[in-house]
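Trainee: Mind having a look at this structure? Questions to follow.
The values are calculated or read from the model by the stated rules, or taken from the named source; none is laboratory data. Owing to the predicted nature of the structure, the values given are computational and were not obtained by experimental measurement. So basically every Cβ, Gly included, is an ideal-geometry build from the backbone, and we count neighbours across all protein chains shown.
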6 protein chains.
Amino acid sequence: MKTAIYPGSFDPITNGHLDVVRRAAKLFDRVIVAVAENADKQPLFTPQERVELVQAAVRGLRGVVVDHFRGLLVDYARRKKAVAIVRGLRAVSDFEYELQFALMNRKLAPQVETIFLAPKDEYTFVSSRMIKEIARLGGNIGCFVPREVLVALRRKLSL
Amino acid sequence: MKTAIYPGSFDPITNGHLDVVRRAAKLFDRVIVAVAENADKQPLFTPQERVELVQAAVRGLRGVVVDHFRGLLVDYARRKKAVAIVRGLRAVSDFEYELQFALMNRKLAPQVETIFLAPKDEYTFVSSRMIKEIARLGGNIGCFVPREVLVALRRKLSL
Amino acid sequence: MKTAIYPGSFDPITNGHLDVVRRAAKLFDRVIVAVAENADKQPLFTPQERVELVQAAVRGLRGVVVDHFRGLLVDYARRKKAVAIVRGLRAVSDFEYELQFALMNRKLAPQVETIFLAPKDEYTFVSSRMIKEIARLGGNIGCFVPREVLVALRRKLSL
Amino acid sequence: MKTAIYPGSFDPITNGHLDVVRRAAKLFDRVIVAVAENADKQPLFTPQERVELVQAAVRGLRGVVVDHFRGLLVDYARRKKAVAIVRGLRAVSDFEYELQFALMNRKLAPQVETIFLAPKDEYTFVSSRMIKEIARLGGNIGCFVPREVLVALRRKLSL
Amino acid sequence: MKTAIYPGSFDPITNGHLDVVRRAAKLFDRVIVAVAENADKQPLFTPQERVELVQAAVRGLRGVVVDHFRGLLVDYARRKKAVAIVRGLRAVSDFEYELQFALMNRKLAPQVETIFLAPKDEYTFVSSRMIKEIARLGGNIGCFVPREVLVALRRKLSL
Amino acid sequence: MKTAIYPGSFDPITNGHLDVVRRAAKLFDRVIVAVAENADKQPLFTPQERVELVQAAVRGLRGVVVDHFRGLLVDYARRKKAVAIVRGLRAVSDFEYELQFALMNRKLAPQVETIFLAPKDEYTFVSSRMIKEIARLGGNIGCFVPREVLVALRRKLSL
């Protein structure tokens, strides 16, 4: 059985993330969506909230489980016996950072491979950061996030 | 009559911005230079100061007016009945962010088109951030900003 | 009245090109889709065929006319009294070449501005070259080109 | 059983390619290294020679088989019931072309996912094109290609 | 005698930096590794500590001296009668920022040339920021930094 | 005495190239502008003509000599006892290719360092290829090339 990990802050999960999860689920027997607790930037949602929003979003997807982790990603991946770390690639700037991150992780844990997937083209411009910004300014983000996230964002931002 | 909006923080306006304004003014009947009030990063100048510095810089340019706005750019653009949002492109990294921003705005307001202009090559490396940094360190920024901005920067930084 | 030129080889015109034409038509009073006769790479369609395919594709679009030209683009733009040259930007590699091209043209003809538009995200990966390659290999390109182009490509490639 | 396809011209296979094959073999039950016969650029080696060089290079790798194909990659992938197309990513320029190619293939065959792997950092600058160029000029390419390729290149170029 | 300056925050110095110093030392008679005191981001190490770590790392390299500076880099370079500022280039995103920085510095001090060097490929993904992050999370960074830096990082982070 | 090599096809030399030569001449005791004879693309000018045009252009520059070479650049650099290969960087696409080329050359000859210089910003968009294209179409290229090149291009293209 091959396990892959899809790590991220998921603050909050977007339709772009969800699209990557679905694609990964077709490639691996088990996909762990792993919410990173130690984000340097101050997250809008608590780790617990982020985990719950991911759980609501991936409900019903076969072979997909949700978890959270602290510490080094590659240590977590080793504990989970994952063969791969999955990352979505949207843009060139993503790519550069992701490539550096993947090469660093390979140095730290050669047995875990990083693979890159391209999200659906219509999600190319969707990032958690932009979505929070637009929601704060009163924009309609209904087509960029799962229903539960929309509700949670409105409550959190008191809109 | 076709109206275009040139939005930005303009903290402060540079000769590179001014070059883009002049180019846009040849393409559209009216160009609104729109100072964004809600910048996440802490601006050096207040919105009021930034508006005044832009006004001093664009004085005499036909069809160019200065304004400020809060909230979502596309909402503002719709209220102003703008057909276009104008953005300057200097580098690849600009381009990527700008493209994502444009595609997001198109999703939110399909009737407003984003157009990109290239500033004069000698302004390729001029950004508000770099100019403030150099001014702080005592560098001569006289050839990168309008005269009024030079004076205002010196006063603000107590140089 | 403001005229813009949208130049290209259009070998053949794609839905991505057409999307740019429609966007340009909202910004300018007149848009000339200008087929370049002197392409260095050997085109699949003759200039005459390419012009006809563009004409069929833009039929009914207000303010859009089709033309062809030899020689320097900026000379043609000047003769047509165009205020702008329109270019579609899909990727970073596009952007770099286009920026160099725009700066060179500005040097040759400062009065003509180059503006960049982003095609619809679903056309990001559509290029004439890729479409011809896929058509040659028997792939279905029906959703990437106008109907007339599909027919013409099949006939030309004897599929 | 999950099958992945690693397509390419492999003209000839390099240590960079081989590194990607090894990584893919850990992720999938079966990896088909698929030599494309219809390369537009004139290859140095015939399809038959390229297949043989790949076979010599991957000998002993579990789950790796070698094949060749004509026509559309996605049609071939469907016939082989592959869940994934594997591509190596070395540089930003690679990335852009590869992303366009992946999105186009997804449109043509939504059930086949494209995944990107990063080759070992020391192979970042190794491409078949550069290797042939250096071999032609008499440079030592022994550390960039498998032993059999080195011999074959010398014979082909009559060095 | 030709002097070059290799400026940076060096918070802390990495093996990638050290690789650039060694390369620069072969090109110029004297290389000044110049620790910038006025970093905007809050450094982990004090200027004094950073200078000492650089000194320990470059010990024994001929023609290499360590210094620190405040204020504008080009003013410092002029005082030191440097002909060149040396910068390491790892990625495209580096390149863009560095190019802007170099062009700006050229405008401020035309007599000082900026030259770019590529660090060893295995250091492509090594940055001070990533190293501190990994050290904080308990990762092994022994192969990315000089011995003294490893010790200092452990003490500073109380690991 | 430190020697650097500035290699290229120089088909023909442009003001952008010349700008790089001038900058390199300030950094090294001797700069050899080395015309590559074995360009894969068919050059417009013969190696002999290209050498003569470079000679005319660099006349009077101290420490600059002109030469031509066949075979591998790094072999030539070793024979000339050069410490550095100089390359101009204009754009991101340049950078990627150049970086791969530099890393490959370092592998082949570790003792020769590649250094990158940024040409003057107004030459960012000047390439031999674009200049020949514009000259062919009758454009005025007087501000992009030395006087002798202008004359030679006109004669060669029978304008």
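Trainee: Looking at the stretch F:96-105 only, could you name the residues that are touching a strand residue (DSSP E or B) at 6+ places or on another chain (Cβ under 7 Å) and facing another protein chain (nearest Cβ under 8 Å)?
Mentor: Within the stretch F:96-105, just F:A102 meets the criteria.
Trainee: Take D:K107 and tell me if it is modelled with pLDDT of 85 or more and within 14 Å of D:F45 (Cα to Cα).
Mentor: It is false that D:K107 is modelled with pLDDT of 85 or more and within 14 Å of D:F45 (Cα to Cα).
Trainee: Also, quick follow-up: How many of the residues in the stretch F:21-39 are under 11 Å from F:V64 (Cα atoms) and within 11 Å of the chain's Cα centre (by Cα)?
Mentor: The total comes to 4.
Trainee: I would also like to ask the following. Let me confirm something: among C:V66, C:V58, C:V145, C:V74, which residue is among the β-branched types (V, I, T), under 16 Å from the mean Cα position of the chain (by Cα) and within 22 Å of D:L99 (Cβ to Cβ)?
Mentor: On the way: C:V66 fails: within 22 Å of D:L99 (Cβ to Cβ); C:V58 fails: within 22 Å of D:L99 (Cβ to Cβ); C:V74 fails: within 22 Å of D:L99 (Cβ to Cβ).
After applying the criteria, what remains is C:V145.
Trainee: Restricting the search to the stretch B:67-77, which residues are more than 14 Å from chain A (Cβ to nearest Cβ) and touching a Phe, Trp or Tyr at 6+ places or on another chain (Cβ under 9 Å)?
Mentor: B:D67
Trainee: Among the residues of the stretch A:43-58, what is the count of those that are without any contact (Cβ under 8 Å) to a residue 40 or more places away in the chain and within 14 Å of another protein chain (Cβ to nearest Cβ)?
Mentor: 0
Trainee: Show the residue pairs meeting these rules: Cβ distance below 7 Å; 6+ apart or different chains; first residue within the stretch E:59-81 and acidic (D, E); second residue surrounded by fewer than 15 Cβ atoms within 10 Å (Cβ to Cβ).
Mentor: none
Trainee: Looking only at the stretch B:109-146, count how many residues are free of Cβ contacts under 8 Å to residues at least 12 places away in the same chain and of a type outside the set (S, T, N, Q). Outline the logic, then answer.
Mentor: Here is the first cut: in the stretch B:109-146, the residues free of Cβ contacts under 8 Å to residues at least 12 places away in the same chain are B:110, B:121-122, B:129-130, B:133-134, B:137, B:139-140, B:142.
Imposing the further condition that a residue be of a type outside the set (S, T, N, Q) reduces the set to B:110, B:121-122, B:129-130, B:133-134, B:137, B:139, B:142.
Summing the residues that are free of Cβ contacts under 8 Å to residues at least 12 places away in the same chain and of a type outside the set (S, T, N, Q) in the stretch B:109-146 gives 10.
Trainee: Okay, moving on. Collect the residues in the stretch A:113-130 that are among the small types (G, A, S) and crowded, with 22+ Cβ neighbours inside 10 Å, keeping them in residue-number order. Walk me through it before giving the result.
Mentor: Residues of the stretch A:113-130 that are among the small types (G, A, S), as a first pass: A:118, A:127-128.
Those that are among the small types (G, A, S) and crowded, with 22+ Cβ neighbours inside 10 Å: A:A118, A:S128.
Trainee: Those residues that are surrounded by fewer than 20 Cβ atoms within 10 Å (Cβ to Cβ) and within 15 Å of the chain's Cα centre (by Cα), I need them from the stretch D:131-142; list them, please.
Mentor: none
Trainee: Tally up the residues in the stretch F:30-55 that are within 27 Å of F:L103 (Cα to Cα) and hydroxyl-bearing (S, T, Y), please.
Mentor: Total satisfying the criteria: 0.
Trainee: Sticking with this structure for a sec: Looking at (1) within 12 Å of chain C (Cβ to nearest Cβ); (2) under 30 Å from A:L89 (Cβ atoms); (3) out of contact with any Phe, Trp or Tyr (no Cβ under 9 Å at 6 or more places or on another chain), can you tell me which one B:L117 breaks?
Mentor: Answer for B:L117: the failing condition is (3).
Trainee: What do you reckon, is E:R129 away from chain F (no Cβ under 12 Å), closer than 21 Å to B:E133 by Cβ and not in a loop (DSSP other than H, G, I, E, B)?
Mentor: yes
Trainee: While we're looking at this one, here's another question. Go through (1) facing another protein chain (nearest Cβ under 8 Å); (2) in contact with a Pro (Cβ under 7 Å, 6 or more places away or on another chain); (3) not aliphatic (A, V, I, L, M) for A:G88 and report which single condition fails.
Mentor: Looking at each condition in turn, A:G88 falls short on (1).
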